[in-house]
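Here it is, the structure in full.
The values are calculated or read from the model by the stated rules, or taken from the named source; none is laboratory data. Keep in mind that this is a model prediction, so the values were computed, not measured. Backbone-built Cβ (ideal geometry, glycine too); neighbour counts: all protein chains shown. Remember, those area values only see protein heavy atoms, side chains included, never the ligands or the DNA or RNA. Shrake-Rupley method; radii C 1.70, N 1.55, O 1.52, S 1.80 Å.
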Amino acid sequence: MSAELQEPGPEGPQRSPGSGGQSGASGSGQCPPPRTPAPWSLPRWRAYVAAAVLCYINLLNYMNWFIIAGVLLDVQKFFRISDSSAGLLQTVFTGCLLLSAPVFGYLGDRHSRKATLSFGILLWSGAGLSSSFIPPQYSWLFFLSRGVVGIGTASYSTLAPTILADLFVRDQRTRVLAIFYIFIPVGSGLGYVLGSAVKALTGNWRWALRIMPCLEAVALILLVTLVPDPPRGAAEKQREVRDLRSTWCEDVRYLGRNWSFVWSTLGVTAMAFVTGAVGFWAPKFLFEARVVHGLQPPCFQQPCDSKDSLIFGALTIVTGIIGVVLGAEASRRYKKVNPRAEPLICASSLLAAAICLYLALILAPTTLLASYVFLALGELLLSCNWAVVADILLSVVLPKCRGTAEALQITVGHILGDASSPYLIGLISSVLRARRPDTYLQRFLSLQQSFLCCAFAIVLGGGCFLQVALHLEKDQAQAQQPGSGTSTPHTHARLRAEPHRSKEHQPPPELLTSLFVH
């Protein structure tokens, strides 16, 4: 009885094959064909509630990424650290994130994703709260706590998109991913806003780190009560063959041969390099630009003026929302005409963003308004890619490898991208400043010139997505084949060595269906 009837899912009520019209077989003395288990399903409203909860947690996730950047000047004054050390603070965070992402990807492909996400939320909220009580003489402990926060956020960045991929499919998935990835820029912007606003209200930047755990406790309760853990490939009605389950090394080799995944990962790395550097250093860059233009007095002791963090946070939120929606909608419409629409949209938006960022940097010493305009346009064009990039990965990778694929993309993207770019920008700025007079103008020019490498990194990212366009259709077709997998050559050799059966010894089609399902 329970094998035949199901809860109505996103496609409506379903019945398992064999629930009707098969009684005549048993009545004629023949064995009835084996029944396949009913496909997993979920009511539409529950899928959307789960997506809303995951979006809320994604908001908190990215607020944690950039809440320190919103009060960076105060953190530097409190712990007495230089630009290069401040950049290392973000490098420790993303470095720990990238080292732990493959572990969470492996666990997510083989164990409960819901339990793994719950552990991650507990870890990052606890580390964030404890870091607000560290005294100034223990700056190394503050660096360590940011690393632990990075480990916790790695679980969410790795596994949450794979749950959405198993709840929705095709155009529904594109729209839901667009909403989910809107919260990257929104969360980043709110991180700046929360950090600077709480500091302005309390006079102490550390209270921003003490408010976040309250919001994360609510997120944990909602995750446990409202978010399901669907089977891998549930949205595509695919089933795993447990006996021929591939190893992690086989999954990695499969992904290494998937050129759409490889080139898109390199493109994401270029995006991460730029967003990490801009997200961490832009508020300070804008502050020093206003000092150079005579619109702001220099900051010699905390608390420093937080107006630039608020402005940049608002720009990030607005351009992020508009950019993600524009990118997802352009992808949804254009791929009906051109199947390679997604990588072409990513490539064109990155190349245009490179021009905007270059102009924003070059014009900053002469006209601050034009610098703000081009910086906002650059952020908007970068934001166009977040949902589209995620859709590319989920469409070219087998469902059972998606957790590993997300983890590898996060690891490569962070280790070569935003794990290194804040430190690299700060290091170049410190080296240039050491050779120049110690004036605010020279400090500003040092930071400006160190930023120029970001424009060239975006151009490289655009070229990578042009390469994705050459391989996309082939890799998508392979990922959608029901029999495709990542098994080793030994498995294929054993299957080829089996003797072919004659037609009279072939099992009935229903039995073949059952075997493939199980």
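Criterion first (more than 30 Å from VAL337 (Cα to Cα) and open to solvent by less than 70 Å² (accessible area, probe 1.4 Å)) does PHE456 satisfy it?
Against the criterion (more than 30 Å from VAL337 (Cα to Cα) and open to solvent by less than 70 Å² (accessible area, probe 1.4 Å)), PHE456 does not qualify.
Could you check region 411-435 and list, in sequence order, the residues that are within 30 Å of TYR156 (Cα to Cα), buried (at least 24 other Cβ atoms within 10 Å of the Cβ) and not hydrophobic (A, V, I, L, M, F, W, C)?
Once the filter is applied, which keeps residues that are within 30 Å of TYR156 (Cα to Cα), buried (at least 24 other Cβ atoms within 10 Å of the Cβ) and not hydrophobic (A, V, I, L, M, F, W, C), region 411-435 yields GLY413, HIS414, GLY417, ASP418, SER421, PRO422, TYR423, GLY426.
Conditions tested, residue by residue: (1) out of contact with any Leu (no Cβ under 7 Å at 6 or more places or on another chain); (2) on the phi < 0 side of the Ramachandran plot; (3) surrounded by fewer than 16 Cβ atoms within 10 Å (Cβ to Cβ).
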{"residue": "HIS111", "(1), (2), (3)": "yes, yes, yes"}
{"residue": "GLY126", "(1), (2), (3)": "yes, yes, no"}
{"residue": "PHE133", "(1), (2), (3)": "yes, yes, yes"}
{"residue": "PRO136", "(1), (2), (3)": "yes, yes, yes"}
{"residue": "LEU141", "(1), (2), (3)": "yes, yes, yes"}
{"residue": "SER145", "(1), (2), (3)": "yes, yes, no"}
{"residue": "VAL148", "(1), (2), (3)": "no, yes, no"}
{"residue": "ALA154", "(1), (2), (3)": "no, yes, no"}
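Here is a list of conditions, (1) out of contact with any helix residue (DSSP H, G or I) (no Cβ under 9 Å at 6 or more places or on another chain); (2) among the small types (Gly, Ala, Ser); (3) open to solvent by less than 10 Å² (accessible area, probe 1.4 Å), and GLY195 meets all of them except one; can you say which number that is?
For GLY195, the failing item is (1).
Here's a follow-up. For the list (1) open to solvent by 50 Å² or more (accessible area, probe 1.4 Å); (2) assigned to a helix (DSSP H, G or I); (3) among the charged types (D, E, K, R), I need the number of the one condition that ASP438 fails.
Among (1) open to solvent by 50 Å² or more (accessible area, probe 1.4 Å); (2) assigned to a helix (DSSP H, G or I); (3) among the charged types (D, E, K, R), the lone unmet condition for ASP438 is (2).
Suppose we keep only residues that are at pLDDT 85 or above and not small (Gly, Ala, Ser) within region 427-443. Which one would you say is nearest to LEU88 (Cα to Cα)?
LEU427
Could you figure out which of (1) open to solvent by 10 Å² or more (accessible area, probe 1.4 Å); (2) of a type in the set (Val, Ile, Thr); (3) touching a Phe, Trp or Tyr at 6+ places or on another chain (Cβ under 7 Å) isn't true of VAL71?
Result: VAL71 passes all but (1).
Let me ask something else about it. Residues to consider are ALA38, ALA52; find the one that is under 30 Å from THR225 (Cβ atoms), among the small types (Gly, Ala, Ser) and modelled with pLDDT of 80 or more.
Going through ALA38, ALA52 in turn, just one is under 30 Å from THR225 (Cβ atoms), among the small types (Gly, Ala, Ser) and modelled with pLDDT of 80 or more: ALA52.
Let me ask something additional. Just to verify a result, which residue in region 73-87, among those that are part of a helix (DSSP H, G or I) and at pLDDT 80 or above, is farthest from ILE151 (Cα to Cα)?
Ranking the candidates gives LYS77 first.
Regarding region 374-383, can at least one residue be identified that is at pLDDT below 85, within 19 Å of LEU351 (Cβ to Cβ) and open to solvent by 10 Å² or more (accessible area, probe 1.4 Å)?
no
Then there's this: With the checklist (1) closer than 30 Å to THR225 by Cβ; (2) open to solvent by 10 Å² or more (accessible area, probe 1.4 Å); (3) aromatic (Phe, Trp, Tyr) in hand, flag the one item PHE93 doesn't pass.
Of (1) closer than 30 Å to THR225 by Cβ; (2) open to solvent by 10 Å² or more (accessible area, probe 1.4 Å); (3) aromatic (Phe, Trp, Tyr), only one is false for PHE93: (2).
Out of region 459-476, which residues are of a type outside the set (Lys, Arg) and open to solvent by 50 Å² or more (accessible area, probe 1.4 Å)?
VAL459, LEU460, LEU466, GLN467, LEU470, GLU473
Do the conditions hold for GLY313, that is, is it open to solvent by less than 50 Å² (accessible area, probe 1.4 Å), part of a helix (DSSP H, G or I) and within 17 Å of ILE179 (Cβ to Cβ)?
no
What is the number of the single condition among (1) out of contact with any Phe, Trp or Tyr (no Cβ under 9 Å at 6 or more places or on another chain); (2) at pLDDT 85 or above; (3) open to solvent by 10 Å² or more (accessible area, probe 1.4 Å) that THR116 does not meet?
(1)
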